[in-house]
Amino acid sequence: MLKRIFSVAALASLVLGTATAQTSLTGSGATFPEPLYRKMFDAYNKQTRVKVNYQGIGSGGGIKQLTDKVTDFGATDAFMNEKELAAAGAPIVHIPTCIGAVVVCYNIPGVNTGLKLTPDIIAGLFLGKITKWNDPAIAAENPKVKLPDMSVSVVHRSDSSGTSYVFTDYLTKVNAEWKDKVGMNKSPNWPTGIGGKGNPGVADLVRRVPGAVGYVELVYASVNKIAFAQIKNKSGAYVTPSLKSASAAAAVDLPDDTRVSITDTDAKDGYPIATFTWLILYKEQDYNRRTKAQAKAAVDLLWWVVHAGQRYNEGLYYSQIAPAVVKKCEYLLKSVTYGGVPLLK
Amino acid sequence: MAEFHSLNSADARPAENKGGAEQAPPSFKAARGRVGRTRGRIGEILFKILLTGGGFVVLVIVAGILLSLIVNSVPSLAAFGPAFLAGTTWNPSGGEFGALPFIVGTILTAFLALFFSLPFSLSLSVLLGEYFRKGPFAALIRTMMELLAGIPSVIYGLAGTFFIVPLIQALEMGIGFVPYGVGIISASIVLAVMIIPYSASLGKEVLELVPEELKEGAYSLGATRTEVVTRIMVPYSFSGIIAGITLALGRALGETIAVTMLIGNMNAIPENLFAPGQTIASLIANEFNEAGADLHRASLLELGLILFVITALITILGKYVIRKMSVGGSS
Amino acid sequence: MEDTILKTMQDVILKTEDLSVWYGETRAVKDVNVSFAKHKISSIMGPSGCGKTTLLRCLNRIHELNQAVKITGRITLNDENLLDIDPILVRRKVGMVFQRPNPFPTMNIYDNVMAGYKLNGFRLKRSRADEIVERSLAGAGLWKEVRDSLFKRGTFLSGGQQQRLCIARTLALEPEVLLLDEPTSALDPHAMTKIEELLVELKKTVTIIIVTHNLGQAGRISDYTSFMYLGELLETGPTESVFTNPKHEETEKYLTGRIG
């Protein structure tokens with residue numbers, strides 16, 4: 001039923017697209033890179049007259065709409081797992097477009113900057129085991145900071161989110177108790193705290209509630225001037241989240257399909273809660289009566305995103321992908337075919 | 001209502017006679033003699049069909065909603081059975097779903113809202129239904145009330161964030177609770193404001209309907225106006241007031257956006273009124289968009305079904321109370 | 001003229017002096033001077049719209065519930081000006097029964113009788129309340145009929161019984177004066193007769209003033225009769241003399257059915 005509605009909608013957009021003699025592409029998914037995609041697609045439209053409609057409906061929705069074959073591409077903060085790939089029915093290509101960092105932000109009166117947190121402290125806070133900001137474990141890492149005797153209020157996402165996925169993916173890697181009790185999920189079963197809807201919702205609650213601790217994308221903490229913590233990475237260094245340290249986290253050996261988690265990175269100066277975010281598309285583009293022109297337009301768009309489009313990243317607080325990653329993307333995009341024939345040379 | 005009914009059946013009777021085989025020829029002749037009458041009769045029948053059609057559509061819609069909720073929640077119904085109602089864990093990653101925290105959250109916020117709103121909605125009803133029935137002040141208050149009813153709930157959510165949350169936060173700090181600001185109490189207060197117009201406007205209508213002679217009877221026994229209102233008018237219109245309350249409760253049970261913004265969105269049974277919680281409606285709003293797994297979707301839909309049932313039960317209960325309490329119900 | 005009337009009345013209990021009632025610019029009752037004798041039945045007659053009900057409703061100040069009404073003049077009860085007393089107290093002393101029976105539908109018979117006390121917040125001992133209920137219902141001739149259903153709602157009673165319940169409710173407060181506004185016009189002849197008998201019995205303990213449209217009723221039960229026409233009180237006198245020898249042309253026309 002739902003599928004039928006979507007295909008009608010797709011058909012309608014197709015009809016409208018040809019009527020205006022303008023190629024139009026449709027994609028949907030992750031909300032985290034949505035500002036970047038909007039900016040990129042707007043610029044792309046001005047350059048090429050190709051119109052790209054992007055709906056930020058969440059990573060899960062993006063995967064679902066792509067595999068329901070109602071969109072030209074999807075977008076996700078968490079790469080598709082084996083089960084999802086199997087359900088897709090045909091090979092899917094992942095193209096990383098930027099690197100995002102999730103920061104642990106806090107609202108401790110008198111502590112405006114520079115709080116240092118270890119992985120275990122973060123897990124302790126979000127498990128509800130550390131309930132006071134002057135807990136000895138925090139004090140030990142922050143000898144110069146005057147920590148108040150204040151209750152910790154955990155703030156998390158109330159909606160299903162790729163940000164939650166990255167954050168819990170990190171905690172699952174670094175803390176055994178977290179792995180047992182909660183694990184990684186886009187909507188995990190939070191042991192404690194209050195939920196805010198979307199990054200703005202969490203940022204707003206953290207700003208309002210004294211003693212709050214939450215997690216948001218770097219851009220939201222920066223724009224809203226909320227204090228965020230330095231985090232001890234795998235090699236024992238305290239790293240401040242930034243575009244640079246997030247980029248550094250991605251300097252790892254990348255598998256050929258780019259499906260890799262870069263949380264808890266091995267990189268020495270890498271920020272440990274960082275992630276790629278991907279655009280996804282079918283490797284064989286001849287499906288659901290799409291035209292070759294449509295398929296070509298999709299691949300051209302993605303090619304542009306990983307090359308010329310990258311210059312928009314940093315202005316919007318997203319890290320660029322490293323040249324080595326771009327190389328992999330080129331290789332992957334060249335493997336995309338229409339009727340078995342590669343679309344790019 | 002009763003009059004409408006009797007009119008209707010009075011009209012229906014001659015129509016039946018005309019349809020009867022034996023009587024048909026003469027009445028047809030008579031009818032042909034007066035074309036205007038015939039046209040009136042056809043119009044009558046068409047009008048009736050239109051009305052019946054409207055009723056039928058309502059029936060189909062309700063049945064359709066119920067059916068689609070049931071069909072879509074089959075995976076969850078099969079997986080958990082009645083234990084779903086008592087389950088307290090909501091863990092999409094572990095595939096474990098229980099409805100209790102949300103049922104508790106829904107009922108708690110709705111009834112708390114009702115409790116907060118009653119003093120205001122009752123006094124508003126009395127104010128508009130007895131003290132200021134006409135005049136510029138009454139018009140002003142009435143307009144304001146209509147305005148309250150017309151404000152989109154997201155605006156209530158925002159207003160709650162800016163006015164109620166800081167107040168509750170200050171209170172929580174004062175009494176040593178975690179100063180979340182958001183939680184059951186904040187959501188309930190804002191809900192209370194949202195539902196005031198519903199119970200107040202119905203209360204006003206029914207209080208206006210109290211017969212003048214009853215009020216005079218009480219006055220002639222030396223009752224003051226307050227006594228007339230509290231001991232004669234309110235008891236007389238009790239069933240209507242209950243109807244207003246039921247309406248308001250239904251609104252409170254289903255309110256989504258404002259609650260989502262203020263309740264704290266914590267998937268657990270609230271430990272106290274200041275704790276964050278989650279209602280069925282707010283949970284669905286939060287999770288349905290990205291509910292990937294079938295069981296997760298089905299569980300959310302089953303919660304929708306539960307909300308439907310709760311609302312239906314309260315409506316039925318309200319109707320029962322109305323029938324029990326209504327004046328002349330015993331005769 | 002007035003003096004002769006007053007002489008024939010022993011013990012005036014209630015009296016109006018230059019009583020006028022205004023609805024905005026219109027005057028519904030014009031300078032009425034009338035006296036009512038203690039423990040008698042006085043009837044007020046007149047064609048529709050003559051102001052008789054308005055006059056009656058002034059006597060226990062229930063007319064003032066309508067804020068558009070303005071009253072001038074004096075009404076004295078035992079030489080005390082009622083317009084200077086709290087209307088709440090006035091209404092306890094001067095009870096009223098209306099055209100249509102209006103028992104409180106949310107209360108049972110017992111509570112209806114006690115309504116005057118309950119509404120005014122008096123707390124009475126159970127035995128005292130029981131006594132009042134029995135005395136009032138007996139006074140209204142209803143005790144025997146409802147003694148077994150005191151705790152049922154009064155709505156199942158017949159119209160006549162309901163009206164007698166309203167009388168009982170008023171008697172419970174032991175008023176000095178009982179005002180009745182066409183109390184039998186909504187009842188059948190049988191119920192009317194019962195009420196009329198009851199009123200004749202009641203005048204031993206309470207002064208009765210009745211507004212009626214029904215000439216026969218006025219003739220049968222009232223000791224004094226007043227006749228109102230276009231807001232003015234044209235004449236007052238012993239019923240027999242007003243009926244047999246009216247002083248005004250309009251009174252005669254009314255009595256013979258030429259106006260009314």
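Read-outs: derived from the displayed coordinates by stated rules, not from any lab. Just so it is clear, the structure is predicted and the values come from calculations on it, not from any experiment. All Cβ positions, even for glycine, are placed from backbone atoms using ideal geometry, and neighbour counts span all protein chains on display.
Observations
- Centroid-to-centroid separation of region B:98-159 and region B:196-246 [C-alpha atoms, Å]: 19 Å
- Across the options B:304, B:202, B:161, the greatest Cα extent toward the positive end of the charge dipole of region B:74-325 (unit charges at beta carbon of Lys, Arg, Asp, Glu) belongs to B:202.
- Length gained on full extension, residue C:18 to residue C:258: 83.5 nm, using 0.36 nm per residue less the C-alpha separation.
- Local charge for residue A:53 was computed over the other residues whose Cβ lies under 13 Å away, with Lys and Arg +1 and Asp and Glu -1, and equals -1.
- Number of partner chain Cβ atoms within 10 Å, mean per residue of A:198-208: 2
- Residue A:225-residue B:120 FRET efficiency (beta carbon distance; Förster radius 35 Å; 0.05 resolution): 0.35
- Calculated FRET efficiency for the pair residue B:86/residue C:48, C-beta based, R₀ 51 Å, to 0.05: 0.10
- Here each label is just a point 7 Å from Cα along the line to Cβ, and for residue A:269 and residue C:144 those points are 11.3 nm apart.
- Net length gained if the chain between residue B:163 and residue B:143 were fully extended (0.36 nm per residue, minus Cα distance): 4.9 nm
- Average beta carbon contacts from partner chains per residue of B:253-264, 10 Å cutoff: 2
- Restricting attention to region B:74-325, lysine pairs at least eight places apart or on different chains and with alpha-carbon atoms under 21 angstrom apart total 5.
- Within chain B, helices built from complete DSSP H runs that reach 27 Å or longer along their own axis (Cα positions) and carry a mean Kyte-Doolittle hydropathy of 0.0 or higher are B:35-72, B:100-126, B:184-208, B:294-325.
- Cα lying deepest toward the dipole's positive end in the protein assembly as shown, options B:272, B:104, C:237, charges on Cβ: B:104
- Unit charges on C-beta of K, R, D, E only; dipole of the protein assembly as shown, Debye: 1900 debye
- GNM result for chain A, Cα springs below 10 Å: residue of A:248, A:101, A:293 fluctuating most strongly: A:293
- Per-residue mean of C-beta atoms belonging to partner chains within 10 Å, peptide B:221-233: 6
- Cα gyration tensor, chain B - rounded (a/c under 1.5), prolate or oblate: oblate
- Between the beta carbons of residue B:65 and residue A:235, assuming R0 = 56 Å, the FRET efficiency works out to 0.45 to the nearest 0.05.
- By other beta-carbon atoms within 10 Å, ranking C:127, B:220, C:20 with the fewest at the front produces C:127, C:20, B:220.
- C-alpha center-to-center spacing [region C:26-78, region A:286-329] in angstrom: 95 Å
- Most to least packed among A:298-311, B:69-82 [average Cβ atoms within 10 Å]: A:298-311, B:69-82
- Antiparallel %, DSSP beta bridges [both residues in the protein assembly as shown], to 5: 60 percent
- For the options A:129, A:116, A:46, a Gaussian network treatment of chain A with springs between C-alpha atoms closer than 10 Å singles out A:46 as fluctuating the most.
- Extension gain for the segment residue A:307 to residue A:140, taken as residue separation times 0.36 nm less the Cα-Cα distance, is 55.6 nm to one decimal.
- The lysines within cross-link reach of residue C:253, meaning a Cα-to-Cα straight distance under 20 Å and a gap of 8 or more places when in the same chain, are C:52.
- The distance between label points at residue A:132 and residue B:111 comes to 3.7 nm (points 7 Å beyond Cα on the Cα→Cβ vector).
- Once exposed loop GluC sites (Glu not before Pro) are cut out (DSSP; at most 15 other Cβ, 10 Å), longest piece of chain B: B:23-270
- Low-density loop cleavage sites - trypsin sites (Lys or Arg not before Pro) in region B:74-179, where at most 11 other Cβ are within 10 Å (DSSP): B:134
- Overall form of region B:96-206 per C-alpha gyration tensor (a/c, 1.5; a/b vs b/c): prolate
- For the protein assembly as shown: rounded, prolate or oblate by the Cα gyration tensor [a/c cutoff 1.5]: prolate
- Once backbone amide H atoms are built at 1.01 Å from N, residue A:104 has A:229 as its partners under 5 Å, excluding neighbours fewer than 5 places away on the same chain.
- Point-to-point label distance, residue B:57-residue B:45, nm (Cα→Cβ direction, 7 Å offset): 2.3 nm
- Region A:159-258: trypsin sites (Lys or Arg not before Pro) in DSSP loop, at most 14 other beta carbons within 10 Å: A:225
- HN-Hα J in Hz across region C:140-152 - Karplus 6.51, -1.76, 1.60, θ = phi - 60°, x for Gly and Pro: 8, x, 10, 4, 4, 7, 10, 4, 8, 10, 4, 9, 9
- Sorting C:156, B:308 from the fewest to the most surrounding beta carbons within 10 angstrom yields C:156, B:308.
- Put in order of Cβ neighbour count within 10 Å, fewest first, the listed residues A:329, A:98, A:105 become A:329, A:105, A:98.
- Comparing B:170, B:281, B:99 in a Gaussian network model of chain B where C-alpha atoms under 10 Å apart are linked, the largest mean-square fluctuation is found at B:170.
- Set of aspartates and glutamates near residue C:30 by C-alpha distance (under 13 Å), chain-local residues within fewer than 8 positions excluded: C:17, C:18, C:232
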